[in-house]
Amino acid sequence: MSADTDTKDQVAALGEKYKYGFVTDIEMDKAPKGLNADIVRFISAKKDEPEWMLEWRLAAFRRWGEMTEPNWARLRYNKIDYQDAYYYAAPKSTEKYKDLDEVDPKLLETYKKLGIPLSEQKMLAGVAVDAVFDSVSVATTFKGKLNEAGVIFCPMSEAIRDYSDLVRKYLGTVVPVTDNFFATLNSAVFSDGTFVYVPKGVRCPMELSTYFRINASQTGQFERTLIVADEGSYVSYLEGCTAPMRDENQLHAAVVELVALEGAEIKYSTVQNWYPGDENGKGGIYNFVTKRGDCRGARSKISWTQVETGSAITWKYPSCILRGDDSVGEFYSIAITNNYQQADTGTKMIHLGKNTRSRIISKGISAGKAQNTYRGLVSVHAKAANARNYTQCDSLLIGSQCGAHTVPYIESRNPTARLEHEATTSKIAEDQLFYCLQRGLTAEEAVALIVNGFCKEVLQQLPMEFAVEAQKLVGISLEGSVG
Amino acid sequence: MSTAHSHREARRAEALESFRVRGMPHRRFEHWRYSDLRAVLDAGQVAQAGTAHWSIPALPEGVEQFDLAAPNAPAWVLKAYGTIGNRPTMEEASLAFSDGGVALRVPAGTTIAEPIRLEIAGGGNLRWLVVVEEGASATIFEPHGSDVGLLRNVGVDVALSEGAALTHIRFAPFTPKSFVVEHIAVAVSARAQYRAHFANFGARLSRTELHITLGGEGAEAHLSGVTVLGHDGHADVTSHIEHAAGKTLSTQLFKHVAGGKSRAVYQGKITVREGANGSDSRQTARALLMSERAEADLKPELIIFADDVKCAHGATAGDLDPESLFYLRSRGIPEKEARRILINAFLQEAVETILDEDLRAAVWHEVEAALPRAMESAK
Amino acid sequence: MLEIKNLHANVGDKEILKGLTLTIETGKVHAIMGPNGSGKSTLSYVLAGREGYTVTAGSITYNGEDLLALKTEERAAKRIFLAMQYPVEIPGVTTMNFLKTALNAQRRARGESEYDAISILKLVRAKARVLQVNEEMLKRALNVGFSGGEKKRLEILQMSLFEPKLAVLDETDSGLDIDALKLVAEGVNALRSPERSMLVITHYQRLLDYIVPDRIHVLANGRMVAEGGKELAHELEATGYGDLGKVPA
């Protein structure tokens, strides 16, 4: 197949609206509505957690009570009523699966509809999946093969019970309990998530992937992910997210912590496609997420790649603390906002060690009445001799009623460091559009094509299995933006 | 005429109230995060600083001058006096606490070839304003004296009517014990041009803030500046250019050299308002750090609400290019001299935007005098 | 006049030169040929004293003096000239001003009197004419916006102006078409003299058709692997570097 027909086929598949908006009708086990210390105890008890974990949660909850919700410069949203939501919701039958055969067929059906088959035979070659449905992990595939390599890949709730010492050693060491309002809330009520540990010198034999699904209404999702790559190890991890169409706003406040020890490398990719709300801005997910990686050892590397197309509001800054000498941090981002979506996303690269390097490539696309902000910090501390940063932020505007904003902070305290930042903002080129139309593409196909080109540098960073999916998503997200 | 007088008094009373409510800016103000004024100076000190001095040794023919200490201000003064820009708190303070200043008017159609030399001296608050009427053009050269004392807080209004052009060159000497704050509010009408150059040599805390509104089609602003710092010097240049109309153009080129324990700050915000189509905005900020203890903070910001725009910014921080340094040394130029040549070239690019040869030479003279300080602790 | 003995040099942590030995005689033109990555450019930078190129063992003696003890600019003042493969662009520094500054810096270091602006201008103009470097180029910022040929001609102009005793020409032919190459080669040949040694570094034999060397040395994997007269260039052209590049360390 020639490249041209290939592309045409891809854009032809775009004629679908938000296709993950269905609801799975399944009996749920929920905690009572609202948030108090008893709810925190309820969650902890449901998970059969050790005492230290409950104490940790309660401390976070007390701290959260003393904090005030941040008031951000460029985000507008209705106040969240934290008492009018469920903090724990789990499919009733999930309690103790031994293997996939025991999983409720309705759940398997749900993941099939989402394009995430959980049966291992049908899996994309070489990708292990952990599926999180509302508050619990429902299935983890390829456990056996990973065990052989010594890689731990399991739901966080399981890890807290089975690998208590490991979790306790690293949990909260990258994102402290008191880090920010939403991270603290997460620390108190997180329900599940994924834990990964890659032992010394091990190259994880397959891509690891977690698939997050919010299904229940009036429910917040608070997953917690912790990935530890021990000395000289390598792991590539991908997360995907969807939610049903509802006209209420649901809160997603996740925390992701990455720890890369000496010589280790973590590649973390996100394809975020939470329900963005309808074309009038009703409903959609509030995606307030804290993601941070700590290059704790020398020569370690953490690379974030994100494709953010969903959510009513996205607030996230996947960051790297470049502590180890010669460590490397990367951030590749595509953020697409349409209709009334708002995205405020970017990264922080904190250069502490010598010869640390960071690279930031951000592509923001804004259409409809959306607002899209890149916000990023590159900070070079006095001891970070020979630190290097390169940042490129490009924004594309489609239509005259949207906004695209770039807010970089560049702080250097070392004369041998070199920081370079470039940014551009422009509209989608009319000559390119015309050219495509003249060659027979519809306006939407043309936009999808051009925007994919604009994002290419970032799309290339994604694991191959997901790059095609992400390309389609780029097109779907911009439907209705030209007309 | 008493109405005119009370008009000014009313504006000053309003400014006083506004300053009283908002108080001193500090690092929790997003745009003051690199210059914490409240930590080093309190509102009472600003209120009691008195009024700084101004003088115009030779007013070119054709320019009208009004002493703001005098009563009965004419209508052209009242129209501009404290009415331009976004009224940040320190600008309100300069209105509230200064008992004088100067207003200049360049009448419609007049071209004033000779630069108007406006000298600022002494400590305290001060206001000055300039109105350039339709199709008129002028140059203001504004050297600041080093006799600042504790504080100099200058508020400036610049009103440019259609097709008017103003070139504004200002330099502030190194005043290590002083606080120097300036706020320059500029309204640029259709086809009018504001060109400005700011040469900063640092203070204990120095803040130059610009708020420029390109309010009519074809309006332009071209800013450039050099900051040369050594010792404990601090200099913060913060600009906000609003493209409020279509086909407006702005360019910015700021160069900073920071040695010793100094801190160079540049914050440049560009806003393109909805409907300001065809706007073009370019911004470059570069900083050279010359010592282990110097710091550079750059924050170039693009806030874009229109789609038919071309906006770009670039910012770099670092040391001199080692390739260039090697090339010069390999041709026999000693390292210190080679560094000096490269720093000169780095700064010259910004100074060269001053079109008037004499003024360019005057600014360069100051730059050369300040460089040894910046290079003192260079490797 | 130049003796390199058992030279080992690193770039960063990597050893590039691994025991290189070479003697260059006064008034002779030596050529170094070798495949990419053999260490040719490293040698030229080590001779010029570039930071980041660390000599870990061996010696270089230049007219009886320890060259490695000298700073980059001191070597230039002692008349070592390196014509670079990629002359750097320096915005804001005009070419003429640069030439004057460099020439006077060298003269000052040698205890000679400095030239005034007018004598230098005359001197440069005379040399520029020969190399077809026009006045306009001299007014522009150093190498900024110059074509490949213009950059190389300016390098040769500097060689002529600084009158080196040892000129190192690093891949001077790269990026030049045949006419530009001939012009540059003529410039170089005009500077051949019994007092001046040259070290011509090149990947291809082409340049050596125009600048005919007295000796040819073949560098591979950080050390000299063959040596011969000018005919060696054509032999290499016929056989390629082949196994020479795979000499075990």
For chain B, the longest principal axis of the Cα atoms and the Cα long axis of helix B:2-22 enclose an angle in degrees, to the nearest 10, of 50
If each part is reduced to its alpha-carbon centroid, region B:166-211 and region B:61-83 end up apart, in Å, by 21
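Averaging over every viewing direction, what projected area does the convex hull of the Cα atoms of the protein assembly as shown cover, in nm²?
Numbers: hull surface 199.0 nm².
Taking a quarter of the hull surface, the average projection is 49.7 nm².
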Nitroxide proxy distance, nm - points 7 Å out along Cα→Cβ at A:Glu55 and B:Ser146: 6.3
Collect residues whose amide H, placed 1.01 Å from N in the peptide plane, falls under 5 Å from the amide H of B:Arg117; neighbours closer than 5 in sequence don't count. B:Ala58, B:Phe141
Hey, rough spin-label estimate for B:Thr83 and C:Lys14, points 7 angstrom out along Cα→Cβ, what's it come to in nanometres? 6.8
Relative contact order (percent) for chain B, with alpha-carbon contacts under 8 angstrom and 6 or more residues of separation? 11
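Give the average, rounded to an integer, of partner chain Cβ atoms located within 10 angstrom of each Cβ in B:342-355. Walk me through the numbers on the way to the answer.
Details: counts 4, 1, 3, 9, 3, 1, 3, 3, 1, 0, 1, 0, 0, 0.
Taking the mean over all residues of the peptide, I get 2.
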Compactness of region B:70-207, expressed as Rg and Dmax over alpha-carbon positions, Å: 14.7, 44
Along the positive direction of the dipole of region B:131-190 (beta-carbon charges: Lys, Arg +1; Asp, Glu -1; about the Cα centre), which of B:Asn153, B:Pro173, B:Ile184 reaches farthest? B:Pro173
How charged is the neighbourhood of A:Val175? Take every other residue with its Cβ under 9 Å from the Cβ of A:Val175, and add Lys/Arg as +1 and Asp/Glu as -1. 0
Can you figure out the FRET efficiency of C:Asp177 with B:Asp321, using R₀ = 25 Å and their beta-carbon distance, to the nearest 0.05? 0.30
Expressed as a whole-number percentage, the relative contact order of chain C with C-alpha contacts under 8 angstrom and at least six residues apart is 29
Using only the Cα atoms of chain C, what semi-axes does the equivalent ellipsoid have when each is the square root of 5 times a gyration tensor eigenvalue? Give whole Å, largest first. 30, 21, 16
Rounded tilt (10° steps) of B:357-375 against the dominant C-alpha axis of chain B: 50
So, over other residues within a Cβ distance under 10 Å of B:Ala80, counting Lys, Arg +1 and Asp, Glu -1, the net charge is +1
Using a Förster distance of 51 angstrom, determine the FRET efficiency expected from the C-beta separation of C:Glu135 and B:Arg27, and round it to 0.05. 0.40
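In the structure displayed, which of A:Lys47/A:Lys79; A:Lys383/B:Lys269; C:Lys100/C:Lys152; C:Lys127/C:Lys230 lie more than 23 Å apart, Cα to Cα?
Too far apart for the 23 Å limit: A:Lys47/A:Lys79; A:Lys383/B:Lys269; C:Lys127/C:Lys230.
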Per residue, how many Å² of accessible area does chain B show with a 1.4 Å probe? 34
Kindly express, to the nearest 10 degrees and within the range 0 to 90, the angle between helix B:335-351's C-alpha long axis and the longest C-alpha principal axis of chain B. 30
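For B:Asp36 and A:Ala149, what is the calculated FRET efficiency with R₀ set at 45 Å and r taken between the beta-carbons, to the nearest 0.05?
Between B:Asp36 and A:Ala149 the formula returns 0.30.
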Given 20 Å bins starting at zero, what is the percent of C-alpha pairs of chain B in each, up to the one with the largest pair distance? 29, 59, 11, 0
Could you work out how far apart the two model spin labels at A:Glu457 and B:Asp232 are, taking each label as a point 7 Å from the Cα in the direction of the beta carbon, and quote it in nm? 4.2
Once you charge only the Cβ atoms, +1 for Lys and Arg and -1 for Asp and Glu, what is the size of the charge dipole of the protein assembly as shown about its Cα centre, to the nearest 20 debye? 1900
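Averaged over C:94-104, how many beta carbons belonging to a partner chain fall within 10 Å of each residue's beta carbon?
Values: counts 1, 0, 0, 3, 6, 1, 0, 8, 10, 3, 2.
Per-residue shielding by partner chains comes out at 3.
About the Cα centre, and with charges only on the beta carbon of Lys, Arg (+1) and Asp, Glu (-1), how big is the dipole of region B:3-375? Nearest 20 debye, please. Show your work: numbers first, answer last.
Values: 39 positive and 47 negative charges, 196 e Å.
With only Lys, Arg, Asp and Glu charged at Cβ, the dipole is about 940 debye.
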All-pairs alpha carbon distance profile, region B:230-379, 10 Å steps from 0, percent: 11, 33, 32, 17, 7, 1
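The values are calculated or read from the model by the stated rules, or taken from the named source; none is laboratory data. Only a predicted model underlies this, so the values are computations on that prediction, with no experimental measurement involved. Every residue, glycine as well, gets a Cβ built from its backbone with ideal geometry; the counts of neighbours run over all protein chains shown. Surface areas here come from the heavy atoms of the whole protein model, side chains and all, with no ligands, DNA or RNA. Shrake-Rupley method; radii C 1.70, N 1.55, O 1.52, S 1.80 Å.
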